[in-house]
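Reading through the structure tokens given below for one structure.
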Amino acid sequence: MSKSQVKNVVVIGGGTGTFVVLSGLKKYPVNLSAIVSMMDSGGSNRVLRDEFGLLPTSDIRQCLVALAANGNGSEILLRKLFMHRFCRGKGMNGMTFGNLFMAALTDILGSQEKAIIQTQNILKIKGEILPVTFDHSHLVAIYENGRKVVGEHNIDEPKHNGKIGIKKVFLSPPAKAYPLAIKAIKKADLIIIGPGDLYTSIISNLLVKGISAAIKKSHAKKVFIMNLMTRNGQTYGFSAKDHIKVLERYIGKDCLDFILVNSKQLPINVSKKYQAEQA
């Protein structure tokens with residue numbers, strides 16, 4: 001297959017859902033680009049934001065591992081190392097090696113952008129990882145009862161009643177898209193959105209100035225992969241149609257060409273896990 005025949009596939013999201021999609025797609029002869037949310041504000045990402053003044057890298061790290069070379073023993077070990085989470089010590093507990101590695105590389109190179117690019121080279125990834133923005137911004141949600149919640153982590157793991165719906169979300173302060181992310185969307189033959197938490201993993205990307213407009217203008221086929229379950233604090237009680245309705249507010253009606261929805265019964269042990277999370 002010639003280079004001109006190889007399709008350009010862009011995956012937009014963040015977290016575990018994007019990790020799974022990228023892990024599957026890297027087996028195929030396509031040019032992969034992952035546009036990743038930069039709004040995470042919990043766990044080790046909170047430390048990176050508050051103490052180092054850096055943007056969160058957990059979603060970036062998961063995508064790096066998904067696309068990393070995994071042929072020989074040392075490559076497999078490197079992937080495991082990047083996912084390793086420390087579980088002892090007051091300062092290190094909860095931190096991941098991959099996040100610390102990229103923080104150290106940012107200090108050395110003087111730029112988080114350069115650190116992400118060099119980490120891709122070290123892990124020999126197939127494709128490219130593109131932060132949706134390099135602007136420091138937080139996701140803000142206004143709920144139907146008027147409550148305002150600031151921070152992706154506080155929306156994702158609500159301390160309030162998670163059954164109350166979200167009325168609107170926005171970024172504070174507003175953020176502009178990373179130019180290379182826009183370029184990837186323009187070149188795309190296929191754009192895959194999701195799966196992932198609707199507001200914190202998907203719409204958080206679409207709120208970045210330039211992203212939604214680029215998706216609308218793109219001639220690529222557009223696919224939305226529906227979550228298996230709802231998410232307490234974000235989509236409690238949602239149907240598949242409700243998810244699409246909210247998504248279309250940001251990318252426009254009739255923008256999606258395909259929607260993938262699971263129709264099979266989940267295993268009992270999986271259902272019980274989701275039930276415990278009020279999904």
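The values are calculated or read from the model by the stated rules, or taken from the named source; none is laboratory data. This structure is a prediction, so every number in the text was calculated from the model and none was measured. Quick reminder, even Gly has a Cβ in these numbers, built from the backbone with ideal geometry, and neighbours come from all protein chains shown. For the accessible areas, the whole protein counts, side chains as well, though only heavy atoms, and no ligand, DNA or RNA atoms are used. Shrake-Rupley method; radii C 1.70, N 1.55, O 1.52, S 1.80 Å.
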**Request:** Being open to solvent by 60 Å² or more (accessible area, probe 1.4 Å), within 28 Å of MET102 (Cβ to Cβ) and touching a strand residue (DSSP E or B) at 6+ places or on another chain (Cβ under 7 Å) is the filter here, so list the residues in the range 139-163 that pass it.
**Result:** VAL150
**Prompt:** Out of all the residues in the range 36-43, is one or more touching a residue at least 12 places away in the same chain (Cβ under 8 Å), assigned to a helix (DSSP H, G or I) and crowded, with 16+ Cβ neighbours inside 10 Å?
**Reply:** no
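Residue-wise test of (1) in contact with a Gly (Cβ under 8 Å, 6 or more places away or on another chain); (2) buried (at least 18 other Cβ atoms within 10 Å of the Cβ); (3) not aromatic (Phe, Trp, Tyr).
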{"position": "VAL9", "(1), (2), (3)": "no, yes, yes"}
{"position": "GLY17", "(1), (2), (3)": "yes, yes, yes"}
{"position": "LEU22", "(1), (2), (3)": "yes, yes, yes"}
{"position": "LEU48", "(1), (2), (3)": "no, yes, yes"}
{"position": "LEU67", "(1), (2), (3)": "yes, yes, yes"}
{"position": "LEU77", "(1), (2), (3)": "no, no, yes"}
**Prompt:** Which of the residues that make up the range 56-85 are over 25 Å from SER111 (Cα atoms) and in a loop (DSSP other than H, G, I, E, B)?
**Reply:** ASN70, GLY71, ASN72
**Item:** Selection count, the range 121-138, where residues are open to solvent by 20 Å² or more (accessible area, probe 1.4 Å) and part of a helix (DSSP H, G or I)
**Value:** 2
**Asked** Looking only at the range 185-218, which residues are in a helix (DSSP H, G or I) and within 23 Å of GLY233 (Cβ to Cβ)?
**Response** LEU198, TYR199, THR200, SER201, ILE202, ILE203, SER204, ASN205, LEU206
**Prompt:** Which pairs have Cβ atoms under 6 Å, sit 6 or more apart or on different chains, and link a residue in the range 240-261 that is in contact (Cβ under 8 Å) with a residue 40 or more places away in the chain and within 19 Å of HIS219 (Cα to Cα) to one that is small (Gly, Ala, Ser) and surrounded by 13 or more Cβ atoms within 10 Å (Cβ to Cβ)?
**Reply:** TYR250/SER212; ILE251/SER212
**Evaluation of GLY151 against (1) at positive phi; (2) modelled with pLDDT of 95 or more (one fails), failing number** = (2)
**Criterion (in contact (Cβ under 8 Å) with a residue 12 or more places away in the chain, in contact with a helix residue (DSSP H, G or I) (Cβ under 9 Å, 6 or more places away or on another chain) and open to solvent by 10 Å² or more (accessible area, probe 1.4 Å)) met by exactly one of LEU190, LEU198, LEU207** = LEU207
**Prompt:** Quick check: anything in the range 140-160 closer than 30 Å to GLY237 by Cα, within 17 Å of the chain's Cα centre (by Cα) and assigned to a loop (DSSP other than H, G, I, E, B)?
**Reply:** yes
**Message:** I'd like the residue in the range 243-268 that is assigned to a strand (DSSP E or B) and out of contact with any helix residue (DSSP H, G or I) (no Cβ under 8 Å at 6 or more places or on another chain) and, out of all such residues, is most open to solvent (accessible area, probe 1.4 Å).
**Reply:** PHE258
**Asked** Quick check, is THR230 out of contact with any Gly (no Cβ under 8 Å at 6 or more places or on another chain), among the β-branched types (Val, Ile, Thr) and in a loop (DSSP other than H, G, I, E, B)?
**Response** no
**Message:** Please verify whether GLN278 is open to solvent by 30 Å² or more (accessible area, probe 1.4 Å), farther than 20 Å from SER201 by Cβ and not hydroxyl-bearing (Ser, Thr, Tyr), treating the condition exactly as stated.
**Reply:** no
**Request:** Give just the number: which of (1) in contact with a Lys or Arg (Cβ under 6 Å, 6 or more places away or on another chain); (2) modelled with pLDDT under 95 does ASN227 not satisfy?
**Result:** (1)
**Complete:** The lone condition ILE166 fails out of (1) within 19 Å of the chain's Cα centre (by Cα); (2) at pLDDT 95 or above; (3) surrounded by 15 or more Cβ atoms within 10 Å (Cβ to Cβ) is (1)
